[in-house]
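Some notes on the structure that comes next.
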Amino acid sequence: MTPPTAIAFPGMGPTKFADVAKFALINPFARELYAVADEVLGYDLFAALRASSADYAEADQVAFLVHSLALARWAEHEHGFTPLLVTGASFGGKAAAVHSGALSAADGIRLTAQLVRLETEYFATRHADVVTLSFARTPADELAAALAELDDWHELSCEVDVDLAMVSLKRDRVEWLSDRLRAAGGLPLYVMDPPLHVSLFTDLRDRIEAELLPALEFRDPAVPVVADQDGSPRTTADGVRTMLLDGVVRAVRWPAVVRSLKDNGIERLCVAGPDALFGRVPGTTDNFTVLAATPRLATRPRRRPALV
């Protein structure tokens, strides 16, 4: 009997071209989506990805979306399940919107590319002094104590697990907070620039709503989407649309997603896409059987039955 299963699309991280090239070329689901992307973008996505020298360039972001969607389709076909719920952390929210049926693949690709262009323009002139610091091995009480001593603006941008989070703050306070967390046994990881999920970006949210979303067709999802801001299931077109917009200004709360999935009877979580975080933290692995869907697994030769 197939256990109740949900699909989770991870947030985006740097991905090496060599790690995804074979999958992009030979997987039928990926080839189909690459063809859609080429038509929407007006250029060869695979060639652009191969030539890219930046981790979060337009081609890289669109390709990450395409790979995640293709891997979800592959996992459903390979393992024979239909998800009861779909969710996505941060960047993964766009893939969740598409896979749920709330957006077409073409509109999801179009939105991803247009967001890169709009955000690049926006952060070229706005909030240049704000970055997002991620860190591990920092329990909530230690983080609260450190932030209480931080004599400047700051905001939680992502809660991943009990001791893994991301905080947005002024660029000139990163060194202080990093040193303070290390003194408490924490491990600062990396700085994201531009920053993510910050309430200061209401004007960016408004521009996305006014300039990008009117051209997209949102539909009620065929599969409910669990919002990464609060774990609420979204079952309407407007609910998914609002979730994507709120991702600009509201923090990701992965523990709330985990609670919601558990409350809805999910036992197995298929993490579709290159992932080094959300599918691996104890909050996820302690609560679900995790079924990974990665480019490496999807291109691994199948074992043939032994001859008798």
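The values are calculated or read from the model by the stated rules, or taken from the named source; none is laboratory data. What you see is a predicted model, and the numbers here were worked out from it, not measured in a lab. Don't worry about glycine lacking a Cβ; one is built from the backbone with ideal geometry, like all the others, and counts go over all protein chains shown.
Could you please let me know if residue 3 is touching a Gly at 6+ places or on another chain (Cβ under 7 Å) and touching a residue at least 40 places away in the same chain (Cβ under 8 Å)? If you could, list the steps in order and put the result at the bottom.
On the way: touching a Gly at 6+ places or on another chain (Cβ under 7 Å): no; touching a residue at least 40 places away in the same chain (Cβ under 8 Å): yes.
Considered against the rule, which asks whether it is touching a Gly at 6+ places or on another chain (Cβ under 7 Å) and touching a residue at least 40 places away in the same chain (Cβ under 8 Å), residue 3 comes out as no.
Being surrounded by 17 or more Cβ atoms within 10 Å (Cβ to Cβ), touching a helix residue (DSSP H, G or I) at 6+ places or on another chain (Cβ under 7 Å) and aliphatic (A, V, I, L, M), is that true of even one residue in segment 254-268?
Yes - at least one qualifying residue is present in segment 254-268.
May I ask you to list pairs of residues, at least six apart or on different chains, whose Cβ atoms are under 6 Å apart, with the first in segment 53-68 being part of a loop (DSSP other than H, G, I, E, B) and the second being surrounded by fewer than 17 Cβ atoms within 10 Å (Cβ to Cβ)?
55/14
Conditions tested, residue by residue: (1) at pLDDT below 95; (2) over 13 Å from the mean Cα position of the chain (by Cα); (3) surrounded by fewer than 21 Cβ atoms within 10 Å (Cβ to Cβ); (4) assigned to a loop (DSSP other than H, G, I, E, B).
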position: 229; (1), (2), (3), (4): no, no, yes, yes
position: 238; (1), (2), (3), (4): no, yes, yes, no
position: 241; (1), (2), (3), (4): no, yes, yes, no
position: 247; (1), (2), (3), (4): no, no, no, no
position: 271; (1), (2), (3), (4): no, no, no, no
position: 274; (1), (2), (3), (4): yes, no, no, yes
position: 284; (1), (2), (3), (4): no, yes, no, no
position: 296; (1), (2), (3), (4): yes, yes, yes, no
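Tell me whether segment 204-213 contains one or more residues that are closer than 22 Å to residue 108 by Cβ and of a type in the set (Gly, Ala, Ser).
In the first step, residues of segment 204-213 are kept if they are closer than 22 Å to residue 108 by Cβ; the result is 204-213.
When the remaining residues are screened for being of a type in the set (Gly, Ala, Ser), the result is 210.
Yes; the residues of segment 204-213 include at least one that is closer than 22 Å to residue 108 by Cβ and of a type in the set (Gly, Ala, Ser).
Return the only residue of 212, 181 being part of a helix (DSSP H, G or I), touching a Phe, Trp or Tyr at 6+ places or on another chain (Cβ under 7 Å), among the aliphatic types (A, V, I, L, M) and farther than 30 Å from residue 261 by Cα.
Working: 212 fails: touching a Phe, Trp or Tyr at 6+ places or on another chain (Cβ under 7 Å).
Only one candidate passes the filter, namely 181.
Just to check your reading of the model, which residue among 150, 156, 143, 111 is within 27 Å of residue 202 (Cβ to Cβ), in contact (Cβ under 8 Å) with a residue 60 or more places away in the chain and not assigned by TED's automatic domain parsing to the domain that holds residue 281? Before the answer, list the steps.
On the way: 150 fails: in contact (Cβ under 8 Å) with a residue 60 or more places away in the chain; 143 fails: in contact (Cβ under 8 Å) with a residue 60 or more places away in the chain; 111 fails: not assigned by TED's automatic domain parsing to the domain that holds residue 281.
Result of the check over 150, 156, 143, 111: 156.
Considering only residues that are closer than 18 Å to residue 111 by Cβ and acidic (Asp, Glu), which ones fall in segment 221-246?
Across segment 221-246, the qualifying residues are 228, 238, 246.
Just name the residue that is surrounded by the fewest Cβ atoms within 10 Å (Cβ to Cβ) out of those in segment 199-209 that are in contact with a Phe, Trp or Tyr (Cβ under 9 Å, 6 or more places away or on another chain) and closer than 15 Å to residue 157 by Cβ.
Filtering segment 199-209 down to residues in contact with a Phe, Trp or Tyr (Cβ under 9 Å, 6 or more places away or on another chain) leaves 200-201, 203-204, 207.
Subset that is closer than 15 Å to residue 157 by Cβ: 200-201, 204.
Values: 200: 14, 201: 23, 204: 21.
Checked segment 199-209; the qualifying residue surrounded by the fewest Cβ atoms within 10 Å (Cβ to Cβ) is 200.
So which residues in segment 165-198 are touching a residue at least 40 places away in the same chain (Cβ under 8 Å), closer than 12 Å to residue 152 by Cα and surrounded by 21 or more Cβ atoms within 10 Å (Cβ to Cβ)?
Selection gives 177 alone.
If you take the residues of segment 111-137 that are closer than 16 Å to residue 249 by Cα and assigned to a strand (DSSP E or B), which of them is farthest from the chain's Cα centre (by Cα)? Write out each step before concluding.
Step one: filter segment 111-137 for residues closer than 16 Å to residue 249 by Cα, giving 115, 118-119, 122-123, 126-127, 130-132.
Cutting the leftovers down to assigned to a strand (DSSP E or B) gives us 130-132.
Working: 130: 21, 131: 18, 132: 16 Å.
Once the filter is applied, the top-ranked residue is 130.
If we keep just the residues of segment 80-96 that are in contact with an Asp or Glu (Cβ under 9 Å, 6 or more places away or on another chain) and assigned to a helix (DSSP H, G or I), which is farthest from residue 255 (Cα to Cα)?
Here the answer is 96.
Does any residue of segment 9-30 turn out to be in contact (Cβ under 8 Å) with a residue 60 or more places away in the chain, small (Gly, Ala, Ser), surrounded by fewer than 22 Cβ atoms within 10 Å (Cβ to Cβ) and assigned by TED's automatic domain parsing to the domain that holds residue 56?
Within segment 9-30 (the criterion being in contact (Cβ under 8 Å) with a residue 60 or more places away in the chain, small (Gly, Ala, Ser), surrounded by fewer than 22 Cβ atoms within 10 Å (Cβ to Cβ) and assigned by TED's automatic domain parsing to the domain that holds residue 56), the answer is yes, since at least one residue qualifies.
Suppose the filter is without any contact (Cβ under 8 Å) to a residue 12 or more places away in the chain and assigned to a helix (DSSP H, G or I); does residue 48 pass it?
Details: without any contact (Cβ under 8 Å) to a residue 12 or more places away in the chain: yes; assigned to a helix (DSSP H, G or I): yes.
So residue 48 passes the test.
Taking the conditions exactly as written (of a type in the set (A, V, I, L, M), part of a loop (DSSP other than H, G, I, E, B), within 18 Å of the chain's Cα centre (by Cα) and closer than 16 Å to residue 246 by Cβ), does residue 156 satisfy them or not? Write out each step before concluding.
Numbers: of a type in the set (A, V, I, L, M): yes; part of a loop (DSSP other than H, G, I, E, B): no; within 18 Å of the chain's Cα centre (by Cα): yes; closer than 16 Å to residue 246 by Cβ: yes.
In short, no.
Working only within segment 49-106, note down all residues that are of a type in the set (Ser, Thr, Tyr) and at pLDDT below 95. Let's see the steps before the verdict.
So the first thing to find is which residues in segment 49-106 are of a type in the set (Ser, Thr, Tyr), and the list is 52-53, 56, 68, 82, 87, 90, 100, 104.
Within segment 49-106, 52, 53, 56 qualify.
Any residue at all in segment 134-143 that's surrounded by fewer than 17 Cβ atoms within 10 Å (Cβ to Cβ), modelled with pLDDT under 95 and either touching a strand residue (DSSP E or B) at 6+ places or on another chain (Cβ under 7 Å) or more than 22 Å from residue 285 (Cβ to Cβ) (or both)? Reasoning before the result, please.
Step one: list which residues in segment 134-143 are surrounded by fewer than 17 Cβ atoms within 10 Å (Cβ to Cβ), which gives 136-137, 139-141.
Applying the additional criterion that residues be modelled with pLDDT under 95 yields 139-141.
Restricting the remaining residues to those that are either touching a strand residue (DSSP E or B) at 6+ places or on another chain (Cβ under 7 Å) or more than 22 Å from residue 285 (Cβ to Cβ) (or both) gives 141.
There is at least one residue in segment 134-143 that is surrounded by fewer than 17 Cβ atoms within 10 Å (Cβ to Cβ), modelled with pLDDT under 95 and either touching a strand residue (DSSP E or B) at 6+ places or on another chain (Cβ under 7 Å) or more than 22 Å from residue 285 (Cβ to Cβ) (or both).
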